[in-house]
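Visitor: The structure under discussion is supplied below as structure tokens; questions concerning it will follow.
The values are calculated or read from the model by the stated rules, or taken from the named source; none is laboratory data. All values derive from a computational prediction rather than experimental measurement. Using ideal geometry, Cβ is built from the backbone for each residue, glycine included, and neighbour counts are taken over all protein chains shown. All accessible areas refer to the heavy atoms of the entire protein, side chains included, with ligands and DNA or RNA removed. Shrake-Rupley method; radii C 1.70, N 1.55, O 1.52, S 1.80 Å.
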Amino acid sequence: MSIAAELQRHFVHDNDFILRQIHLGNEVIAVMGLKTLIDFPQTISMIRDLIQVDDLADHDMRDVVVGLGDDCSSHVFEKLVTEIQLGMLLVVHENSETCVSLIPVPQTLSRSISAPLTENSISGSNSAFNESMETNVGLLRKYTNADDLQLKTYMFGSTVKNRVTVSYLKGAIDPAFLQTLIEAIESRLHLEVNNLQDFTKVLGLSSFNLITHYHTTEMPQSAMRALRNGRAVLFIERVPFALVLPSLFADLYMSEDDNNLTPIYTVLLRLLRLFGILTTLIAPGLYVALVSVNPDVLRFELAHSIAKSRLDVPYPAIVETLLLLIVLELLMEAIIRLPSSIGPTVTMVGGIVLGQAAVSAKLVSNLLIIVLAVITISSATVVGIQNSQSLRVFKYLLLFLAAAFGVLGLMSGLVVLCSYHAGFKTFNLPYLQSTKPKGD
Amino acid sequence: MLKNLQVPIVFIITHMGLIFFLYPTDLIASSKETQWVPIFTGFLFQLAIMAVYLKGIRLFGNENIIHVLMKKSRWLAWATLLPVLLHLGIIAVLTVRIYAEIISIIFLSNTPLWILMCLLITIPTYIVMHGGVRGLMRTGLLLSLLFLISILFVLAYAFQNIDPRYALPLLPDDPKDFSFFVHPSYYKCLFAFSGCFLFLGFVPPYVAYKPKTVFIASLLLLPLFLMAVYIPILTLGEETARQLEFPFIFTIDTIEIDWLMFDRVTMFLVLSLLAFIMLFISLVFWLLTNIFRHSIKDLKPKILVPLVSVLTFGVCLFIPDLETTEEFLQWETILLGYVSIVTPLVVLFAGRHHFKQMKREIK
């Protein structure tokens, strides 16, 4: 059976499989592919443009066909199927048993380059990575433009296949780290990679962490900076951001766009972010500690006014704080879920609940509303959405310790957090480093 | 991050944790007037033993004390390391016990002591288990970034109520001014000077540092040693300061800062110092487990560290009160003296021998 017929039989249940015969002079070639991935009319006219009938008199048809793309006549059948699934066009010349895979005019299936969705940039470039691997790698190349930029692409999975690209600057990256990374990837090519959890398994990293092993970024300029600092940047097909490996402490407060400001402002902004991070962590715990365990630390007037505002609140400070924090978390989650037309309603209602209403109903104290507002504002100063999630969790640790031990608990919590961050490692590279990762 | 500075920073902050609580009490108790003489004596003693110790360690190259001593002779290793092990064990217990008591006195009078001891043991155990000694050093770096500012702030305000005349007479003119040498309290306060220099010999291969930076760090400590004693004396007068259990902390309690929303700035100071003490305890735990693993039996840290902490906790529970602890501390000074004098000397001689041997091997 010919290759074309065999492939047609394989794809018999796939409605979008197309097989067309094209007559070129006396010769016939068969083209096939998936119409959902390939723009067929455009592709066929492209092939007709490529092969001039006049040339056929001078050249062998086989040579002409092979000149169109990659010769895959010697490939096994499964590999041809994979080519089609990946959106390639197969061109088969039956007479000479030649089969060629070529890049067709594709259907537009990914959005065009747009502004980042999870990060905001006011002093830097605004193009963001998206779901298409080609776009992402192209953007990275455009931003990096270095001789020693190296890219390695791997195909993962046996049934559901996906591509992962690893990029790094040969001169900048630590060779030991690169070797570990590549070995980890190459040893688990059979696993499926559809999301970050899958990929964590591939890399053999521990998944029960409160901070991530990779920093995710939508900004090509951040990815470029990471490459130049000797880190690896990875792309997973259909995942709309770059994974920067390993993640470092500096990712919490440094953004590449800061460098477009004068150095004084860069430093001040970063200090402000660190202050925001500390405030987010400490504020709820400090409230509980000062209200319920160590009121003596406060100035008498202040302690008095706080006590007065809590006079009618029927439960302990920890319950009060937890209650409002959970409402806040719910609000934050709800806004992500809801369509943008309904979102403002929730914000408004939430604003009322978390605002004066709860206070006038004597459910929470005035001060707590202020504390909550401070936390919400300051938690947004951290760089990167994943880091802000870590902060969201860490503040509860401090909150509970503060409820048990007061200010001492707060301090203990900070010590634990410091130790957690100090001991965290990715491929033997400590997390607690500034910009350039070095081995232990 | 700041790899070369990690060891000196940990050296400074662990000492800071030890300086401000018991040390002023003991030093004031041991001397009358011209307190700077005993302080300088203690400080010079620290410099001297550190000089000997670091000289020896430098001769080891990149090896640590245990390996070199074990290679030399097992008996010498045991004679040196066993007292160190014992000393560290006692220090761990006493530090946990004393600081739990201090926490109880200063801010958590209603919390049972054993819970506080539990906290003071659990967190250091976590620090050691999670990151090992490298993680511990990095934790020290983060802690110093977080807490040093508040300590410096409080120390800057500590001069608020001083009266310089209390420092007089400045020069010793009476042989009695040297009577601190025979006072047992003085030897107790030497703990602040020589309590944690030992770790310097055990961290190489794992963490590198330059001996010069450690000397600079110990010079930076001198003003703190002076302040811890002189601030209470200059604020309250010597006789009043002598009556107090923790004179420095009490003096800080008298600071009044109008624009601050907090009434007791002591809290900032004590909390920061306690963070440093937790680091000190974790350092002691690490030293204990490290020595144990390389000289007795190589158990997994996952088993050994919790074992050490549970043992420490158990022993702590048996100590009835602060007086008994102080009595223990007094007895411990003998061991402390032995360890701080003998270990550096042994290290120096072993180092010389090791160095010569290496040279011969290279030839």
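Visitor: Over chain B, what relative contact order in percent results from Cα pairs under 8 Å that are six or more residues apart? If you can, show how the numbers build up before the last one.
Guide: Numbers: 428 pairs, mean separation 153.9, N = 363.
That works out to 42 percent.
Visitor: Summing +1 for each Lys or Arg and -1 for each Asp or Glu, what net charge is found among the other residues whose Cβ lies under 15 Å from the Cβ of A:GLY285? Walk me through the intermediate numbers first.
Guide: Details: positive: A:ARG392, A:LYS395; negative: A:GLU320.
Its environment carries a net charge of +1.
Visitor: If you don't mind, there's one more thing I want to ask. Contact order normalised by length for chain A, with contacts defined as Cα pairs under 8 Å and 6 or more residues apart; what percent is it? Please list the in-between numbers first.
Guide: Working: 641 pairs, mean separation 59.5, N = 440.
Answer for chain A is 14 percent.
Visitor: Take A:ASN428 and B:SER109, extend 7 Å from each Cα along the Cα→Cβ direction, and tell me the distance between the two endpoints in nm.
Guide: In this crude label model, A:ASN428 to B:SER109 measures out at 5.5 nm.
Visitor: Got a sec? Which residues of the stretch A:269-314 lose 40 Å² or more of accessible surface with every protein chain in place, vs. that chain alone, 1.4 Å probe?
Guide: In the stretch A:269-314, residues shielded by partner chains: A:ASP296, A:VAL297, A:ARG299.
Visitor: Against the longest alpha carbon principal axis of chain B, how many degrees, from 0 to 90 and to the nearest 10, is the axis of helix B:184-194 turned?
Guide: Taking Cα atoms only, the helix is inclined about 60 degrees.
Visitor: Another question, if that's okay. On average, how much accessible surface per residue is there in the protein assembly as shown, in Å², for a 1.4 Å probe, leaving out ligands, DNA and RNA?
Guide: Ligands and nucleic acids excluded, the result is 45 Å² per residue.
Visitor: Say each of A:LYS201 and A:ILE370 gets a label point 7 Å from the Cα, pointing the same way as Cα to Cβ; how far apart are those two points in nm?
Guide: Simple spin-label model gives 5.0 nm for this pair.
Visitor: With a/c under 1.5 counting as rounded, go ahead and sort the stretch A:312-389 into rounded, prolate or oblate using the C-alpha gyration tensor (a ≥ b ≥ c being the square roots of the eigenvalues; past the cut-off, prolate if a/b is larger than b/c, else oblate).
Guide: Oblate shape, in that a/c is at least 1.5 and b/c is the bigger or equal ratio.
Visitor: Lys and Arg at +1, Asp and Glu at -1: add these up for the other residues within a Cβ distance under 10 Å of A:PHE177 and post the number. Spell out each step's value before the answer.
Guide: Working: positive: A:ARG231, A:LYS438; negative: A:ASP174.
Result for the neighbourhood of A:PHE177: +1.
Visitor: Could you list the trypsin sites (Lys or Arg not before Pro) in the stretch B:233-322 that lie in coil according to DSSP, counting only those with at most 13 other Cβ atoms within 10 Å of their Cβ?
Guide: On the way: sites: B:ARG242, B:ARG264, B:ARG293, B:LYS297, B:LYS302; in loops: B:ARG264, B:LYS297.
In loop regions of the stretch B:233-322 (DSSP not H, G, I, E or B), the sparsely surrounded trypsin sites (Lys or Arg not before Pro) are B:LYS297.
Visitor: A further question on this structure: How large, in percent, is the carbon and sulfur part of the accessible surface of chain B at a probe radius of 1.4 Å? Show your work: numbers first, answer last.
Guide: Details: 10470 of 15230 Å².
Of the solvent-accessible surface of chain B, carbon and sulfur hold 69 percent.
Visitor: Among the complete DSSP H segments of chain A, which ones combine at least 27 Å of alpha-carbon extent along their axis with a mean Kyte-Doolittle hydropathy of -1.0 or more? Numbers along the way, then the final one.
Guide: On the way: long enough: A:263-288 (38 Å, 1.51); A:317-337 (30 Å, 2.04); A:385-405 (31 Å, 0.94).
Flagged H segments are A:263-288, A:317-337, A:385-405.
Visitor: Let a ≥ b ≥ c be the square roots of the eigenvalues of the Cα gyration tensor of the protein assembly as shown; is it rounded (a/c under 1.5), or, if not, prolate (a/b larger than b/c) or oblate?
Guide: Details: a/c = 3.05, a/b = 1.84, b/c = 1.66.
Prolate, since a/c reaches 1.5 and a/b exceeds b/c.
Visitor: Quick one: how many Å² of B:LEU146 are accessible to a 1.4 Å probe, rounded to 10?
Guide: That residue has around 50 Å² of solvent-accessible surface.
Visitor: As a check on your grasp of the helix formula, calculate [θ] at 222 nm for the protein assembly as shown: sum -39500 (n - 2.57) over DSSP H runs of n ≥ 4, divide by the residue count, round to the nearest 500.
Guide: Values: 29 runs with 472 residues, N = 803.
When only DSSP H runs of four or more count, the value is -19500 deg cm²/dmol.
Visitor: At a Cα cut-off below 25 Å, give the lysines reachable from A:LYS79, other chains included and same-chain residues fewer than 8 away excluded.
Guide: Straight-line reach from A:LYS79, under 25 Å: A:LYS35, A:LYS152, A:LYS161.
Visitor: Could I ask something else about it? Structure shown: which of A:LYS438/B:LYS3; B:LYS55/B:LYS356; B:LYS3/B:LYS212; A:LYS201/A:LYS395 lie over 19 Å apart, alpha-carbon to alpha-carbon? Could you put the intermediate results ahead of the total?
Guide: Working: A:LYS438/B:LYS3 10 Å; B:LYS55/B:LYS356 14 Å; B:LYS3/B:LYS212 15 Å; A:LYS201/A:LYS395 28 Å.
Correct reply: A:LYS201/A:LYS395.
Visitor: Okay, next question. Rounded if a/c is under 1.5, else prolate if a/b beats b/c, else oblate: with a ≥ b ≥ c from the C-alpha gyration tensor eigenvalues square-rooted, which is chain B?
Guide: Working: a/c = 1.72, a/b = 1.40, b/c = 1.23.
Taking the square roots of the gyration eigenvalues as a ≥ b ≥ c, chain B is prolate.
Visitor: At 0.36 nm per residue, minus the direct Cα-Cα distance, what do A:TYR315 and A:HIS10 gain on full extension? Give it in nm, one decimal, please. Numbers along the way, then the final one.
Guide: Working: separation 305, 0.36 × 305 = 109.80 nm, distance 6.81 nm.
Between A:TYR315 and A:HIS10, full extension yields an extra 103.0 nm.
Visitor: Summing Lys, Arg as +1 and Asp, Glu as -1, what charge do residues with Cβ under 14 Å from the Cβ of A:ASN145 carry, A:ASN145 excluded? Please report the intermediate quantities before stating the final value.
Guide: On the way: positive: A:ARG141, A:LYS142, A:ARG225, A:ARG228; negative: A:ASP147, A:ASP148.
Neighbour charge sum, excluding A:ASN145 itself: +2.
Visitor: Do you know the relative contact order of the stretch A:133-247, to the nearest whole percent, from alpha carbon pairs under 8 angstrom that are 6+ apart? Please report the intermediate quantities before stating the final value.
Guide: Working: 182 pairs, mean separation 35.1, N = 115.
Relative contact order of the stretch A:133-247: 31 percent.
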